[in-house]
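Okay, so here's the structure we're looking at.
The values are calculated or read from the model by the stated rules, or taken from the named source; none is laboratory data. Fair warning: this is a prediction, and the values are worked out from it, not measured in the lab. Please note: Cβ atoms are built from the backbone with ideal geometry, for glycine as well, and neighbour counts cover all protein chains shown.
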Amino acid sequence: MKKITIILAAIVAVSGAAITVSCNSTIETKNKVENSEPVFTQEQVMHGEYLVKIMGCDDCHSPKVFGPNGPEPDLNRRLSGHPAEVKIPAADTNALKSWMLFSPDLTAYVGPWGVSYSANLTSDETGIGRWKLEQFKKAIREGKSKGLDSNRPLLPPMPWTQYRNLTDDDLRDIFAFLKSTKPVKNLVPQPVSPNELNVVN
(Lines give C-alpha, C1' and ligand atoms only; values in the text may rest on other atoms or scores of the structure.)
Protein backbone atom coordinates (compact mmCIF):
# COMPACT_ATOMS: atom_id res chain seq x y z
CA MET A 1 0.00 0.00 0.00
CA LYS A 2 2.87 2.32 0.91
CA LYS A 3 4.53 1.63 -2.48
CA ILE A 4 1.30 2.45 -4.35
CA THR A 5 0.99 5.73 -2.43
CA ILE A 6 4.56 6.66 -3.30
CA ILE A 7 4.03 5.79 -6.99
CA LEU A 8 0.80 7.81 -7.11
CA ALA A 9 2.55 10.78 -5.47
CA ALA A 10 5.34 10.57 -8.04
CA ILE A 11 2.83 10.47 -10.91
CA VAL A 12 0.99 13.51 -9.53
CA ALA A 13 4.30 15.40 -9.12
CA VAL A 14 5.42 14.59 -12.67
CA SER A 15 1.99 15.51 -14.07
CA GLY A 16 2.04 18.79 -12.17
CA ALA A 17 5.49 19.62 -13.48
CA ALA A 18 4.41 18.79 -17.02
CA ILE A 19 1.35 21.03 -16.69
CA THR A 20 3.49 23.86 -15.27
CA VAL A 21 6.02 23.55 -18.11
CA SER A 22 3.17 23.46 -20.63
CA CYS A 23 1.52 26.56 -19.12
CA ASN A 24 4.83 28.44 -18.97
CA SER A 25 5.56 27.49 -22.57
CA THR A 26 2.10 28.72 -23.62
CA ILE A 27 2.61 32.02 -21.79
CA GLU A 28 6.08 32.51 -23.31
CA THR A 29 4.74 31.78 -26.80
CA LYS A 30 1.86 34.22 -26.26
CA ASN A 31 4.25 36.92 -25.04
CA LYS A 32 6.53 36.37 -28.04
CA VAL A 33 3.57 36.72 -30.41
CA GLU A 34 2.31 39.85 -28.66
CA ASN A 35 5.76 41.50 -28.54
CA SER A 36 6.99 40.43 -31.97
CA GLU A 37 7.09 42.72 -34.97
CA PRO A 38 5.00 41.89 -38.02
CA VAL A 39 6.63 40.13 -40.94
CA PHE A 40 6.45 42.47 -43.92
CA THR A 41 5.75 41.32 -47.47
CA GLN A 42 7.72 42.42 -50.50
CA GLU A 43 4.61 44.17 -51.77
CA GLN A 44 4.39 46.23 -48.56
CA VAL A 45 8.08 47.15 -48.78
CA MET A 46 7.70 48.25 -52.42
CA HIS A 47 4.58 50.29 -51.64
CA GLY A 48 6.48 51.90 -48.74
CA GLU A 49 9.35 52.85 -51.04
CA TYR A 50 6.86 54.38 -53.47
CA LEU A 51 5.34 56.49 -50.67
CA VAL A 52 8.77 57.60 -49.42
CA LYS A 53 9.61 58.79 -52.94
CA ILE A 54 6.41 60.71 -53.64
CA MET A 55 6.35 62.24 -50.15
CA GLY A 56 9.80 63.76 -50.72
CA CYS A 57 11.49 62.13 -47.72
CA ASP A 58 14.84 62.21 -49.56
CA ASP A 59 14.61 65.99 -49.86
CA CYS A 60 15.38 66.44 -46.15
CA HIS A 61 16.57 63.08 -44.83
CA SER A 62 19.21 62.26 -47.47
CA PRO A 63 22.60 64.03 -47.64
CA LYS A 64 23.26 65.43 -51.11
CA VAL A 65 25.89 65.25 -53.78
CA PHE A 66 26.28 68.24 -56.07
CA GLY A 67 26.58 67.80 -59.82
CA PRO A 68 25.30 69.22 -63.12
CA ASN A 69 21.69 68.93 -61.92
CA GLY A 70 22.36 70.61 -58.59
CA PRO A 71 21.89 68.79 -55.28
CA GLU A 72 20.78 65.16 -55.59
CA PRO A 73 20.39 62.47 -52.89
CA ASP A 74 23.62 60.68 -52.07
CA LEU A 75 22.49 57.09 -52.62
CA ASN A 76 25.37 55.74 -50.51
CA ARG A 77 23.97 57.63 -47.52
CA ARG A 78 20.33 57.64 -48.50
CA LEU A 79 17.90 58.58 -45.69
CA SER A 80 20.73 58.72 -43.11
CA GLY A 81 19.87 62.27 -41.97
CA HIS A 82 22.14 65.22 -41.31
CA PRO A 83 25.79 64.06 -41.38
CA ALA A 84 27.16 64.11 -37.83
CA GLU A 85 30.48 65.56 -38.96
CA VAL A 86 28.96 68.61 -40.69
CA LYS A 87 28.85 71.58 -38.33
CA ILE A 88 26.41 74.43 -38.81
CA PRO A 89 28.02 77.89 -38.98
CA ALA A 90 26.77 80.80 -36.89
CA ALA A 91 23.41 82.13 -38.05
CA ASP A 92 22.88 85.73 -39.10
CA THR A 93 20.47 87.29 -36.59
CA ASN A 94 19.23 89.83 -39.13
CA ALA A 95 18.41 87.11 -41.64
CA LEU A 96 16.50 85.14 -38.99
CA LYS A 97 14.10 88.05 -38.53
CA SER A 98 12.65 87.38 -41.97
CA TRP A 99 13.86 83.97 -43.09
CA MET A 100 14.23 80.37 -42.07
CA LEU A 101 17.72 79.13 -43.00
CA PHE A 102 18.57 75.77 -44.60
CA SER A 103 21.95 74.06 -44.84
CA PRO A 104 23.23 73.58 -48.42
CA ASP A 105 22.19 69.91 -48.53
CA LEU A 106 18.80 70.62 -46.87
CA THR A 107 19.43 68.41 -43.82
CA ALA A 108 19.69 71.17 -41.16
CA TYR A 109 17.41 74.12 -40.45
CA VAL A 110 17.57 77.29 -38.36
CA GLY A 111 14.50 79.23 -37.23
CA PRO A 112 12.69 80.61 -34.18
CA TRP A 113 12.78 77.11 -32.62
CA GLY A 114 16.60 76.97 -32.82
CA VAL A 115 18.42 74.41 -34.97
CA SER A 116 16.87 71.11 -36.07
CA TYR A 117 18.49 68.26 -37.97
CA SER A 118 16.94 65.63 -40.22
CA ALA A 119 16.81 62.25 -38.51
CA ASN A 120 18.52 59.06 -39.63
CA LEU A 121 15.75 56.85 -41.05
CA THR A 122 17.91 53.90 -42.10
CA SER A 123 17.77 50.46 -40.50
CA ASP A 124 20.97 51.13 -38.51
CA GLU A 125 20.70 51.28 -34.70
CA THR A 126 21.60 55.01 -34.95
CA GLY A 127 18.49 55.30 -37.11
CA ILE A 128 15.26 53.35 -36.65
CA GLY A 129 16.90 49.92 -36.43
CA ARG A 130 15.52 49.24 -32.94
CA TRP A 131 12.18 50.96 -33.40
CA LYS A 132 8.87 49.11 -33.21
CA LEU A 133 6.01 49.80 -35.61
CA GLU A 134 3.95 51.39 -32.83
CA GLN A 135 6.80 53.83 -32.12
CA PHE A 136 6.86 54.88 -35.75
CA LYS A 137 3.10 55.40 -35.75
CA LYS A 138 3.29 57.52 -32.59
CA ALA A 139 6.10 59.63 -34.04
CA ILE A 140 4.06 60.43 -37.15
CA ARG A 141 0.59 60.61 -35.59
CA GLU A 142 1.51 62.50 -32.41
CA GLY A 143 4.72 64.28 -33.42
CA LYS A 144 6.85 62.63 -30.72
CA SER A 145 10.60 62.25 -31.22
CA LYS A 146 11.48 58.55 -31.55
CA GLY A 147 7.81 57.77 -30.95
CA LEU A 148 8.21 57.94 -27.17
CA ASP A 149 5.69 59.72 -24.91
CA SER A 150 8.38 61.29 -22.73
CA ASN A 151 10.34 62.79 -25.64
CA ARG A 152 10.29 66.26 -27.15
CA PRO A 153 8.01 67.20 -30.05
CA LEU A 154 9.21 66.80 -33.62
CA LEU A 155 10.61 70.12 -34.82
CA PRO A 156 10.05 72.07 -38.05
CA PRO A 157 10.20 71.60 -40.93
CA MET A 158 9.07 67.96 -40.39
CA PRO A 159 5.48 68.04 -41.74
CA TRP A 160 4.08 65.40 -39.36
CA THR A 161 0.81 67.32 -39.05
CA GLN A 162 0.14 66.39 -42.68
CA TYR A 163 1.66 62.92 -42.56
CA ARG A 164 -0.47 61.93 -39.55
CA ASN A 165 -3.38 61.61 -41.99
CA LEU A 166 -1.73 58.59 -43.62
CA THR A 167 -3.62 55.33 -43.17
CA ASP A 168 -2.39 52.57 -40.85
CA ASP A 169 -1.51 50.53 -43.93
CA ASP A 170 0.51 53.40 -45.41
CA LEU A 171 2.46 53.92 -42.17
CA ARG A 172 3.08 50.18 -41.90
CA ASP A 173 4.41 50.03 -45.46
CA ILE A 174 6.66 53.07 -45.03
CA PHE A 175 8.06 51.50 -41.88
CA ALA A 176 8.51 48.20 -43.72
CA PHE A 177 10.57 49.94 -46.40
CA LEU A 178 12.68 51.92 -43.91
CA LYS A 179 13.43 48.72 -42.01
CA SER A 180 14.65 47.17 -45.29
CA THR A 181 17.09 49.97 -46.11
CA LYS A 182 20.86 49.67 -46.01
CA PRO A 183 22.00 50.56 -42.47
CA VAL A 184 24.05 53.76 -42.41
CA LYS A 185 25.78 54.55 -39.13
CA ASN A 186 25.22 58.24 -38.46
CA LEU A 187 24.37 59.67 -35.06
CA VAL A 188 22.54 62.89 -35.92
CA PRO A 189 23.28 65.84 -33.56
CA GLN A 190 20.72 66.87 -30.98
CA PRO A 191 18.66 69.98 -31.76
CA VAL A 192 19.80 73.35 -30.44
CA SER A 193 17.37 75.52 -28.49
CA PRO A 194 16.92 79.23 -29.45
CA ASN A 195 18.80 80.51 -26.38
CA GLU A 196 21.79 78.30 -27.28
CA LEU A 197 21.81 79.35 -30.93
CA ASN A 198 25.20 80.42 -32.27
CA VAL A 199 24.50 83.77 -33.95
CA VAL A 200 26.34 86.68 -35.51
CA ASN A 201 24.91 90.21 -35.35
Next item on the list: Give the residues of region 123-178 that are hydrophobic (A, V, I, L, M, F, W, C), more than 22 Å from Pro83 (Cα to Cα) and part of a loop (DSSP other than H, G, I, E, B), sorted by residue number.
Entry: Leu148, Leu166
Note to self: When you scan region 45-64, do you find a residue that is among the small types (Gly, Ala, Ser), farther than 24 Å from Leu171 by Cα and either touching a helix residue (DSSP H, G or I) at 6+ places or on another chain (Cβ under 9 Å) or modelled with pLDDT under 90 (or both), even just one?
What the structure shows: no
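For every residue, the table says whether it meets (1) surrounded by 11 or more Cβ atoms within 10 Å (Cβ to Cβ); (2) touching an Asp or Glu at 6+ places or on another chain (Cβ under 6 Å); (3) within 24 Å of Pro191 (Cα to Cα).
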| position | (1), (2), (3) |
| --- | --- |
| Glu43 | no, no, no |
| His47 | yes, yes, no |
| Cys60 | yes, no, yes |
| Val65 | yes, yes, yes |
| Glu72 | yes, no, no |
| Gly81 | yes, no, yes |
| Ile88 | yes, no, yes |
| Ala91 | yes, no, yes |
Check: Here are some conditions: (1) touching a residue at least 40 places away in the same chain (Cβ under 8 Å); (2) touching a strand residue (DSSP E or B) at 6+ places or on another chain (Cβ under 8 Å); (3) closer than 22 Å to Val52 by Cα; (4) not polar (S, T, N, Q). Gly127 meets all but one. Which one does it not meet?
Finding: (2)
Item checked: Tally of residues being touching a residue at least 12 places away in the same chain (Cβ under 8 Å) and acidic (Asp, Glu) across region 64-99 -> 2
Next item on the list: Being among the hydroxyl-bearing types (Ser, Thr, Tyr), touching a residue at least 60 places away in the same chain (Cβ under 8 Å) and over 17 Å from Gly56 (Cα atoms) is the filter here, so list the residues in region 150-201 that pass it.
Entry: Ser180, Ser193
Next item on the list: Mind counting the residues in region 120-138 that are of a type in the set (Gly, Ala, Ser) and more than 8 Å from the chain's Cα centre (by Cα)?
Entry: 1
Next item on the list: Within region 104-134, work out how many residues are touching a Ser or Thr at 6+ places or on another chain (Cβ under 6 Å) and either crowded, with 17+ Cβ neighbours inside 10 Å or at pLDDT below 95 (or both).
Entry: 7
